[in-house]
Amino acid sequence: VRGMHMQNKQTERLTELQKLLTICPADVLTRSDLALLFEELDRPDEALSHWKTVLDFDPNNLKAREGVNRCRRPTGRPIQSQM
C-alpha cells in the first residue's frame, strides 16, 4: 500500500511539473525537478531529454551535466578488432 501511495505522489508531481513547463518552458529549476523525477521513475530517456534542455538554457549547469552522465546508456557496440 505504501509503494502505491508513493507512486501516486510521483504521478501527481509529474503532472504538476509538466503543467508548469507548459506555462514556462525555460524554467530550469522546474525542468531539473522533472528530470530527477523521471530518473526516480526509471525513465532515463525522458530524464536525459530534460537534462539536455536544461543545458540548452544553461550550458554550465553542473546538476544537468551530472544528470546527462547518469542517464546515458552504453551504446552496446562491439569493440572493433585491431587488425
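Answer yes or no as to whether residue 68 is open to solvent by less than 40 Å² (accessible area, probe 1.4 Å), at pLDDT 95 or above and in contact with a Ser or Thr (Cβ under 9 Å, 6 or more places away or on another chain). Can you show your working first?
Numbers: open to solvent by less than 40 Å² (accessible area, probe 1.4 Å): yes; at pLDDT 95 or above: yes; in contact with a Ser or Thr (Cβ under 9 Å, 6 or more places away or on another chain): no.
Answer is no for this residue.
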Against the definition (charged (D, E, K, R), under 22 Å from residue 68 (Cα atoms), open to solvent by 60 Å² or more (accessible area, probe 1.4 Å) and part of a helix (DSSP H, G or I)), how does residue 13 come out, yes or no?
yes
Of the residues in segment 27-40, those that are open to solvent by 50 Å² or more (accessible area, probe 1.4 Å), of a type in the set (A, V, I, L, M, F, W, C) and more than 14 Å from residue 69 (Cα to Cα) number 1
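The values are calculated or read from the model by the stated rules, or taken from the named source; none is laboratory data. Keep in mind the model is a prediction, meaning the values are calculated, not measured. Counting neighbours? That spans all protein chains shown, and the Cβs are built from the backbone with ideal geometry, glycine included. What goes into the accessible areas is simple: the full protein's heavy atoms, side chains included, and nothing from ligands, DNA or RNA. Shrake-Rupley method; radii C 1.70, N 1.55, O 1.52, S 1.80 Å.
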